[in-house]
Amino acid sequence: MSSKRDYYDILGVSKNATAEEIKKAYRKKAIEYHPDKNPGDKQAEEHFKEAAEAYDVLSNSEKKTRYDQFGHAGMHAGGFGGHAGEWSMDDIFSNFGDIFEGMGFSGFSSFGSRSGRSRHVARGSDIRIRVKLNLKEIASGADKKFKISKQVGCTACKGTGAKDGTAIQACNTCKGSGMVTQVINTMLGRMQSTSPCNACRGTGKTITTPCPACHGDGAVSKQEEVSFRIPPGMVHGMQLSISGKGNAPKQGGINGDLLVLIEEEPHEELQRDGTDLIYTLFISISQAALGTMAEIPTVDGKVKIKIEAGTQPGRVLRLRGKGIPEPNSRHSGDLLVHINVWIPTKLDKEEQKTLEKLGGGENFKPKPSKEDKNFFERMRKMFGQ
């Protein structure tokens, strides 16, 4: 499809829909566009995958929160969304097979299988790691490299779990089909249910002689170095998914994912507010009255800015584009410099006399403009409260 539609529109639910309502809506779409009901219909297949992608996100509370906050852009940046649309039909049935129980369908597509039914595809478990990023890495993105302990496919048996990779025979329970069918008598009549075979985990095969290297598991523990790129604009708590870098499943299948949880290290001088950065600049009374040049920290180093004469406390200067990039966008936030005039708490006699003398001058008498009086309103608008 040319562009992504809203996930709520795809399933026909509101943003306040409960988990049960979301599941029910997906089930309805899955029945409507199921490949067994629409053989050879490519458009129905695309709608089927689109609905699976929407359900994958909206049925997961963490993914749903990210989507509600940032839309599709935030999902891609976080490694959350867009995944289901890239799955094969087997992957969708493998992950959401329980949805299809009792529909009258097999729960597995006829795509890609000579026998007319695709076998269950095992999937390895995900691996979760935490990565700390400083503000500069968040602004620019970062290349990371980690050594992780994981399950990898056994090279001796090529992940089959069978000695020499050949000591395999057809499963006696399902006769090699990978599926078992049950017929249940109910008040509504006889109902047929088809599900993956438990004896062979849907593979249709059993091992006659286990591989001595992996003891029949098809996977062994190993330290592996993983490299990946973290895109700019990440947010504390966001999760990045590295496809296929998780654990290998037992006796073959698809690897799980590597889930990278982002932790943001606080900056000594800058505070983050979404894509904007905030810096508080303290200046003296004389600098505020006479004007000055000030050095401001940014994620890329120091910059100098001009403080105009007569600058009032609470004024906010905006440095365009000096904030954090938005995920999957060329736009960046701003650096907001909050001016705070430092009032001395202790004065010697000479300083006190000088200020008393200046305080009697006409220009030192407060003459606030209408804009000055609306200071708090300006602050509220500035920070979007």
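The values are calculated or read from the model by the stated rules, or taken from the named source; none is laboratory data. If you're wondering where the values come from, they're calculated on a predicted model, not measured in any experiment. Positions of Cβ are backbone-derived with ideal geometry, glycine not excepted, and every protein chain shown enters the neighbour counts. These accessible areas exclude ligands, DNA and RNA; they are computed on the full protein's heavy atoms, side chains included. Shrake-Rupley method; radii C 1.70, N 1.55, O 1.52, S 1.80 Å.
Quick rundown of the values:
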item	result
Whether segment 162-287 is rounded, prolate or oblate, judged on the alpha carbon gyration tensor where a/c under 1.5 counts as rounded	oblate
Sequence-distant residues sharing a close amide H with Thr298 (under 5 Å, placed H)	Val303
Segment 316-360 versus segment 278-293: alpha-carbon centroid distance in Å	5 Å
Karplus 3J(HN,Hα) series, Hz, for segment 278-283 with 6.51 cos²θ - 1.76 cosθ + 1.60 (x for Gly, Pro)	10, 10, 9, 9, 9, 10
Pairwise centroid distance, computed over Cα atoms, of segment 33-64 with segment 231-259, Å	21 Å
Anisotropy class of segment 132-224 from Cα gyration tensor, a/c 1.5 cut	oblate
Probe 1.4 Å, all protein chains present, accessible-area order of Leu319, Leu277, largest first	Leu319, Leu277
Net length gained if the chain between Asp41 and Ser149 were fully extended (0.36 nm per residue, minus Cα distance)	34.5 nm
Amide H contacts under 5 Å for Ala162, placed H, 5+ residues apart	Cys211
Probe 1.4 Å, all protein chains present, accessible-area order of Lys302, Lys150, largest first	Lys302, Lys150
Shape of segment 195-235, Cα gyration tensor, a/c cut at 1.5	oblate
DSSP bridge orientation in segment 224-364 - percent antiparallel, rounded to nearest 5	75 percent
In Hz, Karplus ³J(HN,Hα) per residue of segment 338-352 (6.51, -1.76, 1.60; θ = phi - 60°; x = Gly, Pro)	8, 7, 10, 7, 7, 9, x, 9, 10, 10, 7, 4, 5, 5, 5
Of Lys4/Lys37; Lys24/Lys49; Lys29/Lys205; Lys145/Lys245, pairs whose Cα-Cα distance is over 22 Å	Lys4/Lys37; Lys29/Lys205
Accessible-area composition of segment 307-352, carbon plus sulfur, in percent [1.4 Å probe]	46 percent
Protein accessible area in segment 113-269, 1.4 Å probe - carbon and sulfur %	47 percent
Mean Cα-pair separation over length for segment 178-234, i.e. relative contact order, pairs under 8 Å, 6 or more apart, %	23 percent
Backbone HN-Hα couplings from phi across segment 147-157 [Karplus 6.51/-1.76/1.60, Hz, Gly and Pro as x]	9, 10, 8, 8, 8, 10, x, 5, 6, 5, 10
Arg27 accessible area, 1.4 Å probe, all protein chains in place, Å² to nearest 10	80 Å²
Label-to-label distance, nm, for residues given as Glu20 and Leu355 (7 Å Cα→Cβ offset)	6.7 nm
Accessible solvent surface per residue of segment 240-330, calculated while the other protein chains remain in place, 1.4 angstrom probe, Å²	54 Å²
Amide H partners (placed H, <5 Å) of Cys171, local residues excluded	Gly176, Lys205, Thr206
